[in-house]
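Quick notes on the structure that follows.
The values are calculated or read from the model by the stated rules, or taken from the named source; none is laboratory data. All of these numbers come straight from a predicted model, not from anything done at the bench. Don't worry about glycine lacking a Cβ; one is built from the backbone with ideal geometry, like all the others, and counts go over all protein chains shown.
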Amino acid sequence: MYADADAAVRAAGPRCEASGKCCRFTEYGHTLFISHFEAEILLESAPAYTQPVTRDGCPFQVSGLCTARDARPLGCRIYFCDPAYADRMVEITELAIARLKAIANEHDAGWNYSPLHHFLNAAVRERPAVSAPDSMTLPDARHALPLVPPPTI
Ligand code: SF4
């Protein structure tokens, strides 16, 4: 899905001036919503981040650049501030979200579509209270979020 979205964006050819403003949400005046699927992928490989995360911006933007580029969510891949691309952006987004919802339905995986900081902070809140000898490595908090709800019986 990410490859398809990337290809569709490439074909549309939006202009990017690399201002980094789109990842500073409050300053730019928008919110990045992601699904629990995207959060899971992001949290698997994104670098460590400082908590709590606010709605103001993404902790993975460093010096104006994305440090989680390979795992960045759909909104990051599809959104560009180029006004000439606005209509195509909506089409690509709607198609991608529809595909994600279809996957969620097919696998009875629930659907959680929330602002980025909700997932990043939830991962912290769900950190397991594990005590271990000094020689043991504690589990990474970023992997502690139960992103896909268990099936109801
Ligand atoms: S994941 Fe990367 S592209 Fe997406 S908001 Fe964060 S810094 Fe920006």
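Name the residue that is farthest from the ligand (Cβ to nearest atom), counting only residues in the stretch 23-38 that are outside any helix (DSSP H, G or I) and surrounded by 18 or more Cβ atoms within 10 Å (Cβ to Cβ). Among those residues, the one meeting the criterion is S35.
Criterion applied to T26, T54, T50, T31 was being farther than 30 Å from D108 by Cα, touching a residue at least 40 places away in the same chain (Cβ under 8 Å) and polar (S, T, N, Q), and the one residue passing it is T54. Can you run down the residue pairs with Cβ atoms below 6 Å, 6 or more apart or on separate chains, where the first is in the stretch 83-98 and farther than 16 Å from A3 by Cα and the partner is modelled with pLDDT of 95 or more and outside any helix (DSSP H, G or I)? Between residues of the stretch 83-98 that are farther than 16 Å from A3 by Cα and residues that are modelled with pLDDT of 95 or more and outside any helix (DSSP H, G or I), the close pairs are Y85/P14. Of (1) in contact with a Pro (Cβ under 8 Å, 6 or more places away or on another chain); (2) modelled with pLDDT of 95 or more, G75 satisfies all except one. Which? All conditions are met except number (1). Looking only at residues of the stretch 39-68 that are under 12 Å from the mean Cα position of the chain (by Cα) and more than 10 Å from the ligand (Cβ to nearest atom), we find that the one that is modelled with the lowest pLDDT is S45. Please list, ordered by first then second residue, the pairs with beta carbon atoms under 9 Å, 6 or more apart or interchain, first in the stretch 11-22 and more than 17 Å from T67 (Cβ to Cβ) and away from the ligand (no atom under 16 Å from the Cβ), second hydrophobic (A, V, I, L, M, F, W, C) and part of a helix (DSSP H, G or I). Correct list of pairs: A12/M89; A12/I92; R15/A84.
The number of residues in the stretch 94-116 being within 12 Å of the ligand (Cβ to nearest atom) and buried (at least 17 other Cβ atoms within 10 Å of the Cβ) comes to 1. Of all residues in the stretch 78-93, exactly one satisfies the criterion of being within 11 Å of the ligand (Cβ to nearest atom) and over 11 Å from C22 (Cα atoms), namely I78.
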